[in-house]
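Participant: Have a look at this one before I ask anything.
None of the figures in this text is laboratory data; all of them are computed from the coordinates on show. Note that the structure is a prediction, hence the values are computed from the model and not measured. When we count neighbours, we look across all protein chains shown, and the Cβ atoms used for this are built from the backbone with ideal geometry, even at glycine.
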Amino acid sequence: MRQGPLAGRYPAVAAMVTLALIPYLALSAAMDPLVPIIAEQLHMSSQAMSLSSGLGNAAYAVGTVLAVQFAQHLPQRRMMLVYAVLLVVGSVLAAAAQNGGMFVCGHVLQGLATSMLLIAAAPPLTIGFPRENLRHTAVIMNMCVFGAVALGPFIGGIQAESHAWRPLFWIIAAIALVALVMAALTFEDAPPADLDAPRDLTAIGLASVGCAAAFVGASQLTSHGFADLAVSAPMLGGLALIVVLIVYQFRARRPLLTIRTMLTSSIPVAGVGVALFAAAASVAATALTAEVFLQTFSPVQVGLIYLPELGGAVVMAFVFGFVISRKAMHYLPLLGMALLAAGILLFRMSLPANQPLALVASALTGLALGATVAPALFVAGFSLQSNSLQRVFAIIELLRAVAAFMVAPIFAYFAASASGGLAQGTSDALWIGFWLAVGGAAFGVAIYALSGARPQAPDLNRFLDGESPAWYSPPLLARIRRGLPSPAVAERAPVLAPEHQGASASEGPVLIAYDGSERAACAIRQAAAQLSTLRDAVVVCVWQPADVGFIPTGAGHFDADQATEVRRAAEQTAAHGARLAEAAGFTARSVAIEAAPTWKGVIEAANRHHASLIVIGPHRRSGWLGHLEGSVAASVVAHSPTPVLVVPEQTGAWLSPELERSPA
């Protein structure tokens, strides 16, 4: 299968995800001090700027659902390239905007592309690599989402101080372009997740109309009262449609989103609830207090006040990476809610202009954000099978966007319209945020207690293999509901070491790398013609969850996020290759091996089976884009201690230098 030169390399894929998620999330948090400057230069009203922000946030929320639907029926990594292109286009449109319409279109595309990239990139980064990389993934996902948000006020303040906005937007566009390049360099073609999945246009319609209406209604609070129909009708109507979406997906026989599985299990409900409470409460601690501080301090000074929030988020991201494989992971969101409540109280005490208290409050808030939403997301995801991870991320991000982005303008409206002025209104809103943090912690504890859930260390091997969840999550409220079945404990099948047969130590079998392509089949036939003495052969198919790594030869569809199904398809593909090898004259057997990148799996299989020769067929690379493609064959030749026979298509074989010095 075609792939980029950095395909399967964890650092490169992690860098791509980081670059793809940071631009919009950081920009959204940096916008507040830039709004007057953008409005003045593009001749936009405050209401138009608020509408732009609302539409961008609505697009972010809707993108989570669209990305899940597209992943089921379209090649996932190709769609990731499309999303990256959309992010570049949106960023350039916003940076080069000559009027309000152009700016709004660019901002909406940025929001849509960012959420789709998040949902598309999460499974490959999380379950597409070995277990030891999972802690790094936890750190990266946490820092991408909340580190970027924490950095936003600082970079926004620096840019506003120069009374300009385009330089920041062009930097964002450049980062998006680098993300696109990295997406191409790490490209590894992957089939759709599940071609048998339904095309749920009803769910997409409910999400699209509901989010658009709710966010547009909330954005109208800039120039209308809460009781005005221009606000209440779309906002309440949109929220009602989102509720209808959840009920519809809960009752659907084959839902697009795994609502029923999540909402009937205790630990996912607790995780989602804590994430939503934290998202809503944190708004009062950041956006509202910034408005008050801007009355006393310059934009740069306000940005510096919130800089400790970035440090707190980074520290807690590494803490999360440390505890992700431990029982302590369950306690981290609870600690985060306590830190959030403390941070909100200190922010309240710092109003209107106590800078030292505000700095401490900012650090506590950063620690809190790093300890709540992302850990709660993984707590919920570990409670289901790994093939549900993409849909779990989509549900939580959809609901988190509604909780955070809709609460912000509502809080801002009540703070600005308070009779005691902005400072008093913000103080009152901070009390609401404090009780939301306390209520979120109490909610999570109550769900655990009433359901009989207990903190457990996750079984990450079983989770990543797709065999079962990482831990047992009791049914929701199991302790007060009767007649519920007892949990069934699945036993893990023993892993058998591969047998070594049919070849002596002095002349091991020929190992043939087979990915289901016609190029690989041609390599088998050419190898049979080139080798003077036919020997035993081992046909290996290398696979990865999510990215797959091969072209399935079977007629049936399979879920690319379900490791068990991908392994089964890889075994069938390897068996097909073994039959081709038998027909060509080899005595062949097949093996499927999980590895990333692919060349490492080929070399590992050769070492495991004591192969005396590796046969591989490189894919043809033509045109200037072809030179950007990676070569599994070249990587195998460069790293393998075993002689390698590289078989170009429709030609004779080319022998590696080691093979030229070795007998056939």
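Participant: Using alpha carbon centroids, what distance separates segment 447-472 and segment 190-209, in Å?
Facilitator: That distance is 28 Å.
Participant: Find which of ILE396, PRO191, SER219 sits farthest along the positive direction of the dipole of the chain, computed with +1 on the beta-carbon of Lys and Arg, -1 on that of Asp and Glu, about the Cα centre.
Facilitator: The one lying farthest along the dipole's positive direction is ILE396.
Participant: While we're looking at this one, here's another question. Quick check on segment 200-255: what are the equivalent-ellipsoid semi-axes from the Cα gyration tensor, as sqrt(5λ), descending, whole Å?
Facilitator: Working: eigenvalues 143, 17, 7 Å².
Semi-axes (√(5λ), whole Å): 27, 9, 6.
Participant: Average the reciprocal distances over every distinct pair of alpha-carbons in segment 260-477, invert the result, and give the Kirkwood radius in Å.
Facilitator: Details: mean 1/r = 0.0565 Å⁻¹.
Answer for segment 260-477: a Kirkwood hydrodynamic radius of 17.7 Å.
Participant: Per q in 0.10, 0.17 Å⁻¹, report the Debye log10 I(q)/I(0) for segment 245-378, using one uniform scatterer on each alpha carbon and no solvent.
Facilitator: -0.40, -0.86
Participant: Another question, then. Once you sort the root eigenvalues of the Cα gyration tensor of segment 213-294 as a ≥ b ≥ c, which label holds: rounded (a/c under 1.5), prolate (a/b larger than b/c) or oblate (the other case)?
Facilitator: Taking the square roots of the gyration eigenvalues as a ≥ b ≥ c, segment 213-294 is oblate.
Participant: Provide the packing ranking of 372-380, 402-410, i.e. peptides ordered by the mean count of other C-beta atoms within 10 Å per residue, highest first. Before the final figure, lay out each step's value.
Facilitator: On the way: 372-380: 28.6, 402-410: 22.6.
Descending packing order for the listed peptides: 372-380, 402-410.
Participant: Calculate the translational D of the chain in whole µm² s⁻¹ from Stokes-Einstein, where the hydrodynamic radius comes from the Kirkwood formula applied to all Cα pairs, the temperature is 4 °C and the viscosity 1.567 mPa s. Can you show the working numbers first?
Facilitator: Numbers: Rh = 26.4 Å.
Rounded to a whole number, D works out at 49 µm²/s.
Participant: If you don't mind, another one. Of all DSSP beta bridges located in the chain, what percent are antiparallel, nearest 5? Each step should come with its number before you reach the end.
Facilitator: Numbers: 5 of 23 bridges.
DSSP beta bridges in the chain are roughly 20 percent antiparallel.
Participant: Among LEU613, LEU151, VAL407, which residue has its Cα positioned farthest towards the positive end of the charge dipole of the chain, with +1 placed on the Cβ of Lys and Arg, -1 on the Cβ of Asp and Glu, and the dipole taken about the Cα centre?
Facilitator: VAL407
Participant: With axes computed from alpha carbons, what is the tilt in degrees of helix 266-283 against the longest principal axis of the chain, rounded to the nearest 10 within 0 to 90?
Facilitator: Value to nearest ten degrees: 50.
Participant: Can I ask one more? What does the C-alpha gyration tensor say about the overall shape of segment 140-257? Classify as rounded when a/c is under 1.5, otherwise prolate if a/b is larger than b/c, or oblate. Intermediate values should be presented prior to the final figure.
Facilitator: Numbers: a/c = 2.82, a/b = 1.12, b/c = 2.52.
Oblate shape, in that a/c is at least 1.5 and b/c is the bigger or equal ratio.
Participant: When the Cα atoms of segment 1-197 are enclosed in a convex hull and the volume is divided per residue, what value in Å³ results?
Facilitator: Normalising the Cα hull of segment 1-197 by residue number yields 106 Å³.
Participant: Ok, one more. Express the Stokes-Einstein translational diffusion coefficient of segment 13-57 in µm² s⁻¹, to the nearest whole number, given a Kirkwood radius over alpha-carbon pairs, 20 °C and a viscosity of 1.002 mPa s. Write out the running numbers ahead of the final one.
Facilitator: Numbers: Rh = 11.8 Å.
It comes out at roughly 182 µm²/s.
Participant: Using +1 at the C-beta of Lys and Arg and -1 at the C-beta of Asp and Glu, which of LEU87, LEU55, VAL632 has the Cα lying farthest in the positive direction of the dipole of the chain?
Facilitator: LEU55
Participant: About its Cα centre, what dipole magnitude does segment 260-477 give when the only charges are +1 on Lys and Arg Cβ and -1 on Asp and Glu Cβ, stated in debye to the nearest 20?
Facilitator: 320
Participant: Considering Cα pairs under 8 angstrom that are at least six residues apart, work out the relative contact order of segment 1-197 and quote it in whole percent. Don't skip to the answer; put the middle values down first.
Facilitator: Numbers: 312 pairs, mean separation 90.4, N = 197.
Contact order relative to length: 46 percent.
Participant: Follow-up. From the Cα gyration tensor of segment 83-177, with a ≥ b ≥ c the square roots of its eigenvalues, which class applies: rounded if a/c is under 1.5, or else prolate if a/b is larger than b/c, or else oblate? Please report the intermediate quantities before stating the final value.
Facilitator: Details: a/c = 3.26, a/b = 1.68, b/c = 1.94.
Here segment 83-177 falls in the oblate category.
Participant: Run the dipole for the chain about the Cα centre, Lys and Arg Cβ at +1, Asp and Glu Cβ at -1, nothing else charged, and hand back the magnitude in debye, nearest 20. Can you show the working numbers first?
Facilitator: Working: 35 positive and 35 negative charges, 191 e Å.
The dipole magnitude comes to about 920 debye.
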